[in-house]
1. Cα-Cα pairs above 25 Å in segment 295-415: how many percent?
2. Grab the DSSP H runs of the chain that are 4 residues or longer, score each as -39,500 (n - 2.57), total them, divide by all residues and round the 222 nm result to the nearest 500 deg cm²/dmol.
3. With +1 assigned to the C-beta of every Lys and Arg and -1 to the C-beta of every Asp and Glu, and no other charges, what is the dipole magnitude of the chain about the Cα centre in debye, to the nearest 20?
4. Excluding ligands and nucleic acids, what accessible area in Å² is computed for HIS179 using a 1.4 Å probe, to the nearest 10?
5. Report the convex hull volume per residue for the chain, counting only C-alpha atoms, in Å³.
6. Name the aspartates and glutamates eligible as straight-distance cross-link partners of LYS428: C-alpha to C-alpha under 16 Å, and not fewer than 8 places from it in the same chain.
7. Let me know the Kirkwood hydrodynamic radius for segment 220-296, please, with Cα pairs as the basis and the value in Å to one decimal.
8. Can you put LYS497, LYS312, LYS118, LYS418 in order of accessible area, largest first, using a 1.4 Å probe?
Amino acid sequence: MAAPMNSCYLGFDFSTQQLKVVAIQENLDLIHQNNVQFDSELPEFRTQGGVHVHPDGLAVTSPVLMWVKALDLLLEKMKVAGFDFSSVKALSGSGQQHGSVYWRRGARQALRNLHPDKPLHELLQDQFAVESSPVWMDSSTSDQCSNLEKCVGGAQAVADITGSRAYERFSGNQIAKIHQLNSDAYSDTERISLVSSFAASLFLGDYAAVDYSDGSGMNLMDIFLKRWSPTCLQATAPGLEDKLGAPVPSTAVLGDVSSYFVKRFGFPKDCKVVTFTGDNPGSLAGMRLQEGDVAVSLGTSDTVFMWIKEPKPTVEGHVFCNPVDSQAYMALICFKNGSLTRERIRNSCAGGSWDVFSEGLRGTCMGNQGNIGMYFDTMEITPPAVGIYKFNKDDQRVSDFTEQEEIRALVEGQFLAKRLYAEKLGYKIMPGTRVLATGGASSNMDILQVLSDVFNAPVYTIDLANSACLGCAYRALHGLVAEGGLTFQEAVRNAPKPQLAVSPTPGALKVYEEQLRRYRQLEEIILRDTKQ
Ligand code: 5FX
């Protein structure tokens, strides 16, 4: 039976700096969006950019209760805005990838008995064995990564099983560190969730399973067999399989929403909770990525991802299970120095104004007269390097650029790195290639022009600057019909199509082939020097 027109679907995104939600109707029209900014709206947690960077500069965590309280606040804001919760047929969501949450023994009972008179953060305040959850910006687990690669037979062997070599931010290595340094907390942990499955657990009123796609970012799952790898589990921590629960397909319906939400907000009793996934997989769904497209997400982290059919994991980049098609995969490359670095250069070279930043791009020409910059404010993921490197047209290291040159050097450098690593993963720009852009910076046409020129391909955007929550609203809708065999593409065929934003400037191909060649060489030199 077709759902009435006023039914709607919710998609949440628990990202690094904020919690967001969108609501879409059955016809896929967007009817509500809302958000909670962690730093400004929950100042009691004293985060900066949603996180705490520890004194060693390597460990990065977020208070798990902040995420819980953000959900309390978001739902209150929706209520005040007159949102009709009784029309929600299904909900899903995404979370920043790799972050891990440690539920204390007894937390399942607490989740099953949430009292509707109280906010979640009061009910759950004592239910976490680890209060500061490690997040994706963390790079403190080098020892655990070396150990995993040693136990499994090398970096490529780990990639062959889990889709990625051992990465410091990947949850398995974070779990190993907690087991080693905080063994009491580990023993007191009943269940380990990812940020995504933790958020789903709140709605479900029970532990929610990890989905295949986000589960691929743990260095624990066999992405081909779609189950935990016994070798990786054993190398990580004892008794881990029980603490993780079995992973499930990303389209699975987990069950009905907890009675807490029915009583407190008026959700229908049979409102379904569809498995939550990672923010990048959520974006893939929101952008309705097709084979051959390359997506560039410009957020706190910048990511590049592609839809692939025959994955060949290497020691660079990641392969994840695809969130909307269980036969397919997605390749992903993550760059840590994304929007925070763009904001820093905006502040230092453009007086804090995006308009002046844009003028800087328009006032300089393609190729920046041979100047090249690499801006790794914090330890980068791709490539593993830290520091600021500026080169003139003769490949000599220089200490200064003019403000406008600096702005262009940053943006060109960020996009050259994206093209370089996409090509290393086998991606080829062909006639017909589309670059799909999303994330905060995708609303800046001058930044997109540079992207289009560097990739020598047209850039498309979708209306919403952040596609992860939209993708999860689509996934909520698809989750209800997936078992009947309807594909994701069929379920969302009427969604707004990505719109052409900019096309490459004539002459871009020649300029950036040369810049890319130099960028590759200069990066190799930096990496060689870093290792010495
Ligand atoms: C992907 O591997 C990442 O680490 C980041 O893009 C996080 O998902 C950001 F939330």
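The values are calculated or read from the model by the stated rules, or taken from the named source; none is laboratory data. Note that the structure is a prediction, hence the values are computed from the model and not measured. When we count neighbours, we look across all protein chains shown, and the Cβ atoms used for this are built from the backbone with ideal geometry, even at glycine. With ligands, DNA and RNA removed, areas are computed over all heavy atoms of the protein, side chains included. Shrake-Rupley method; radii C 1.70, N 1.55, O 1.52, S 1.80 Å.
1. Percentage above 25 Å: 33.
2. -11000 deg cm²/dmol
3. In total the dipole reaches around 580 debye.
4. 50 Å²
5. Looking at the chain, the number lands at 140 Å³ per residue.
6. Within reach: GLU291, ASP293, GLU310, ASP453, GLU513.
7. Kirkwood hydrodynamic radius for segment 220-296: 15.7 Å.
8. LYS312, LYS497, LYS118, LYS418
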